[in-house]
């Protein structure tokens, strides 16, 4: 089968499997597996997207490895790029790449940010608006942002 790519989408130096790519999506230097849904105005760069992944509208993905059955809610950022911080400040136009990994079945809530070098474990949930700056284990729930962030077992959250 062939992918269903909207005419307004732009796919450059990338491979797209049997997936749906909606309006105004850009995919550069990446691979997208089968049975994915990439919604409006998503930008994907230097990333690998496994099978059966949903990336919702307005999200930005760069230098990431997205496992199967992952869902990324609208307006989220999964960004594996940073800059060196020195006494003079951030280095201008000197990107440092630290790959982000979202393991199988992870969920990233609306407006959340997953930062460079972070690995989100299998079946973990990043709550809407959360910022993740360190690795998260399997079946965890991330609420809020540092320094008052809470990371708890999903089982504990469900049984409260």
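The values are calculated or read from the model by the stated rules, or taken from the named source; none is laboratory data. All values reported here derive from a predicted model rather than from experimental measurement. Here the Cβ is made from the backbone with ideal geometry for all residues, glycine too, and neighbour counts use every protein chain on show.
Within segment 17-30, residues that are on the phi > 0 side of the Ramachandran plot and outside any loop (DSSP other than H, G, I, E, B) reach no partner that is modelled with pLDDT under 95 and surrounded by 18 or more Cβ atoms within 10 Å (Cβ to Cβ) with beta carbons closer than 6 Å at six or more positions or on different chains. Put simply, of 85, 141 the only residue that is assigned to a strand (DSSP E or B), farther than 17 Å from residue 44 by Cβ and touching a helix residue (DSSP H, G or I) at 6+ places or on another chain (Cβ under 8 Å) is 141. Residues that are part of a loop (DSSP other than H, G, I, E, B) and touching a strand residue (DSSP E or B) at 6+ places or on another chain (Cβ under 8 Å) were ranked within segment 91-113; the one that is modelled with the lowest pLDDT is 98.
Scanning segment 124-141 for residues that are touching a residue at least 24 places away in the same chain (Cβ under 8 Å) and more than 14 Å from the chain's Cα centre (by Cα) yields a count of 1. Residues considered: 146, 116. Of these, the only one that is in contact with a strand residue (DSSP E or B) (Cβ under 8 Å, 6 or more places away or on another chain), exposed (fewer than 15 other Cβ atoms within 10 Å of the Cβ) and assigned to a loop (DSSP other than H, G, I, E, B) is 146.
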